[in-house]
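These notes concern the structure reproduced below.
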Amino acid sequence: MPCCHSNTSHGCSSSGHAHEHTKLSLYSAISAGVVLLITWISATFFGLSETGQIVGYSVAYLLGGWEATIEAFQHVRRGSFDIDTLMIVAAVGAAILGHWAEGALLLFLFSLGHALEHWALARAKKAINALADLAPETARIEENGEERMIPVEELKVGDHVVVLPGERLPADGFVIQGTSQIDQAPITGESIPVEKWPVENPEQARSAPDQIDAAHQVFAGTLNGNDALIVEVLRPAHDTTLARIAQTVAEAQQRQSPSQRFAKKFERVFVPCVLIGVGLLLCSSLVIDETFGESFYRAMAVLVAASPCALAISTPSAVLAGIARAGQQGVLVKGGQPLEFLAKLTTIVFDKTGTLTLGKPQLSEVLTLKDSTEEELLQVVQAVEIHSTHPLAKAIVKATKERLGSQSLPPAEALTNHAGLGLEAKLQGKPVWIGKPALFEKIDSRPLSDPTLEALRSLETQGYTTLAVRWDDRELGVLGLRDTPRPVSKAVIRRLREMNIQSLLLFSGDNRQTAAAIAEELGLDRGEGDMMPADKAKRVRQLAEREQVAMIGDGVNDAPAMVEAQVAIAMGAAGSDVALETADVALMGDRLERLPFIIGLSRFTMQIIRQNLWISLGVIALLVPATITGLPIGPAVVFHEGSTLVVVFNALRLLAYQGAELLPKSEPSTFSEKKTPATVA
């Protein structure tokens, strides 16, 4: 189904036409069955004349065969033959032989099968395409203290939108006023509403929208809770996350998987072979003792039996249902190919920051020297780091505020940032240095003492990012910061082990000790550190030459490595243009636990596809010999069309796939929860 590229946010008109066409097909098929049944009962029990029977069955032919006739004619004009061609030829042949009832039954079941097939596919598509209908058509904006309603297409970046309780959000943006809980299941798959509150610095949020914390970011189509919000618009209506998801899924529906390509190739070769075989059977009366009419009847029966209707729908129905089910759970899969590749994975490579970890460093360890106290150390680092915008500085300031409360020193002065080494400043007229050992060697020209160096090494081997602190002539101690693993990371790794993923690796730009420590803590096979994006890409390429590899990262700095993997998985893709464009699979919410779900779903999809292929090919293998040896058209029609319905409804089982929900066993501790500081001798 084509995707809508207009500026509206409420779906494509083509979806409505497709829905109406499906209803028309279904009504026509049912009407054909009703007319067929009435005619057969009238002829069998009430002596309906032969002319009356022909009229009744002709009406059934018309109702059941008009759509297939149009499709067959279009294919013949293009010089190809498809399943519709085979069915129309068989029905016409039955009529020529005077078997009007069998021909009408064939067209009734064939049209009913097609209509139910379209209904099943429409049901699968609806799970995703309904997203486009979630965003409201109008928005309430606030200008100069007044509110007015405008169409969502007229929203501009920077507009302030008022969202009342119970309303759906009309645009992507960030909260600038109010606190409420947002049901964002359509975007991220989260079943529990998420609390949102205002950003501290709107100007900073405007200048760096990709850096906005999830607690402040909202999406079009999500549902507001019990309190009003004022949201600043970040994207126009046609470019919202919701609109991009709908467009991406529409495109994904057109991408064929290896199994789909196989079925198409098989059909292109098989249908002409069937027609040739039927042509030979028409001539069988020349070599065996039977009339031409008997040969013709057998040929028509074989034509019905050999038509690969079930085969044609076996794979696309399963793939589409799998994509739809993934979308319901906040996982965007771009077509059947990645869905199939996920089922064959042997290796998963994880990025560290923001994937296995929260991407937010925390001050977790404070080691003081014997002539200093923790309070003094924290006051000094707070006074210096409060000037810095570095993520480590923000983590330090946050932790020290929690620990010290109002006990703080005046901010430091004359701050100097030595890139890659640390900070230098003046505090109460005395110099302060906070950073790596190289800072003290190169800038202060006084190397750190052995006890401090030993403390640094001890924390580094445990995976901490370390900073030493010197105030004037005194070394106060060492800070250990760490990007906290996600609470669910261990459970995810354990579940992947249970799913027989052979190799689980961590590639990180952090130092090797940190990468190795995180990998060991989470139960990964190996952690490799000190890797630039090009290094990650090279290693993934090497792995992909001999294994089926998936790379999961944030879709930005990991993009080179993700391209080299068979399957690229983006973490937390909601609101990220790069992630949606780069990845084959996008976990829309920041939910790592969806990784085992999508792998399990892909395996179930492949299981359904294999079952469908066996059913469709098996029925053909059984019916063709049976019809050659005398099975009538009627039973052949019932078994043939019955297999098509079995295949369709088997694929629909994917829409009910649950998987196993993963929950963390415990929350990680933070520095603010620590009560007893450590002291370096």
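Laboratory data are not the source of any read-out in this text; all were calculated from the coordinates shown. The model shown is predicted, which means the values in this text are computed figures rather than measured ones. Note: ideal-geometry Cβ built from the backbone for every residue, glycine included; neighbour counts use all protein chains shown.
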Exercise for review: Select from the stretch 492-528 those trypsin sites (Lys or Arg not before Pro) which occupy a DSSP coil region and have at most 13 other Cβ atoms within 10 Å, ordered by residue number.
Suggested key: none
Practice item. Give the long-range amide H neighbours of Ala412: residues separated by 5 or more places, or on another chain, with amide H under 5 Å away, using H modelled in the peptide plane at 1.01 Å from N. Key: Val384
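When a/c is below 1.5 the answer is rounded, else prolate if a/b is larger than b/c, else oblate, so apply that to the chain with a ≥ b ≥ c taken from the square roots of the Cα gyration tensor eigenvalues.
Prolate.
Set the Förster distance to 45 Å, then compute FRET efficiency between Thr629 and Gln542 from the Cβ-Cβ distance, nearest 0.05. Don't skip to the answer; put the middle values down first.
Values: r = 57 Å, r/R0 = 1.26.
Approximately 0.20, to the nearest 0.05.
Would you please put 322-332, 134-144, 163-173 in order of how densely packed they are, using the mean number of other Cβ atoms within 10 angstrom per residue and starting with the highest?
Details: 322-332: 25.3, 134-144: 16.7, 163-173: 20.9.
Top to bottom by mean Cβ count within 10 Å: 322-332, 163-173, 134-144.
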Review point. Amide H to amide H under 5 Å from Gly221: which residues, 5+ apart in sequence or cross-chain, H placed 1.01 Å off N in plane?
Key: Leu169, Ala171
Study note, to complete from the structure: Along the dipole axis of the chain (charges at Cβ: +1 for Lys and Arg, -1 for Asp and Glu; origin at the Cα centre), the most positive-end residue among Gln611, Gly145, Asn650 is Gln611
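Please compute the contact order of the stretch 360-481 in relative form: average sequence separation of alpha-carbon pairs under 8 Å and at least six residues apart, divided by the residue count, as a percent.
Working: 209 pairs, mean separation 34.8, N = 122.
So the answer I get is 29 percent.
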Check your understanding: Between rounded, prolate and oblate, where does the stretch 136-239 land on the alpha carbon gyration tensor, with a ≥ b ≥ c its root eigenvalues, rounded for a/c under 1.5, else prolate if a/b exceeds b/c?
Key -> rounded
Check your understanding: Once you put a point 7 Å from the Cα of Ala215 and another 7 Å from the Cα of Lys23, both along the Cβ direction, what distance in nm separates them?
Key -> 4.8 nm
Study note, to complete from the structure: With the 8 Å Cα cutoff and a minimum separation of six or more residues, the stretch 414-470 has a relative contact order in percent of 28 percent
**Study point:** Subset of Lys352/Lys538; Lys360/Lys401; Lys394/Lys442 violating a 23 Å alpha-carbon distance limit
**Key:** Lys394/Lys442
Check your understanding: What angle do you read, to the nearest 10 degrees and between 0 and 90, between the alpha-carbon axis of helix 594-628 and the longest principal axis of the chain?
Key -> 10 degrees
Exercise for review: Starting with the fewest neighbours, write out Cys283, Cys309 ranked by other beta-carbon atoms found within 10 Å of each beta-carbon.
Suggested key: Cys283, Cys309
Check your understanding: What number, rounded to the nearest 500 deg cm²/dmol, is the helix-based mean residue ellipticity at 222 nm of the chain, given -39500 (n - 2.57) per DSSP H run of at least four residues and division by all its residues?
Key -> -16500 deg cm²/dmol
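Counting only other residues whose beta carbon sits under 9 Å from that of Leu369, what net charge do I get with K and R as +1, D and E as -1? Let's see the in-between values first.
Numbers: positive: Lys370, Arg474; negative: Asp371, Glu475.
Once positives and negatives cancel, what remains is 0.
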Review point. Which percent, to the nearest 5, of DSSP beta bridges fully inside the chain are antiparallel?
Key: 70 percent
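Suppose the chain between Gln328 and Glu413 were pulled fully straight at 0.36 nm per residue; how much longer would it get relative to their current alpha carbon spacing? Before the final figure, lay out each step's value.
Numbers: separation 85, 0.36 × 85 = 30.60 nm, distance 5.34 nm.
That pair, Gln328 and Glu413, stretches by 25.3 nm at full extension.
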Revision key, fill the gap. So, with points 7 Å from each Cα along the Cβ direction, the Trp197-Thr389 label distance in nm works out to 2.4 nm
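Using alpha-carbon pairs under 8 Å, 6+ residues apart, how would you state the relative contact order of the chain in percent? Please list the in-between numbers first.
Details: 1373 pairs, mean separation 102.9, N = 681.
Computed over the chain, the figure is 15 percent.
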Point to revise | Sequence-distant residues sharing a close amide H with Ile182 (under 5 Å, placed H) | key: Val194, Glu195, Lys196
Study note, to complete from the structure: Taking the alpha-carbon centre of each part, the distance from the stretch 258-311 to the stretch 29-99 in Å is 19 Å
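Under a Cβ-only charge scheme (Lys and Arg +1, Asp and Glu -1), can you give me the dipole magnitude of the stretch 360-481 about the Cα centre, in debye to the nearest 20?
Numbers: 14 positive and 17 negative charges, 77 e Å.
Once rounded to the nearest 20, the dipole reads 360 debye.
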Review point. According to a simple spin-label model (label point 7 Å from Cα along Cα-to-Cβ), what is the distance in nm between Arg474 and Gln428?
Key: 0.8 nm
Check your understanding: What is the order of Asp525, Asp159, fewest Cβ neighbours within 10 Å to most?
Key -> Asp525, Asp159
Exercise for review: Give the calculated FRET efficiency between Asp183 and Ser49 to the nearest 0.05, with a Förster radius of 41 Å applied to their Cβ-Cβ distance.
Suggested key: 0.05
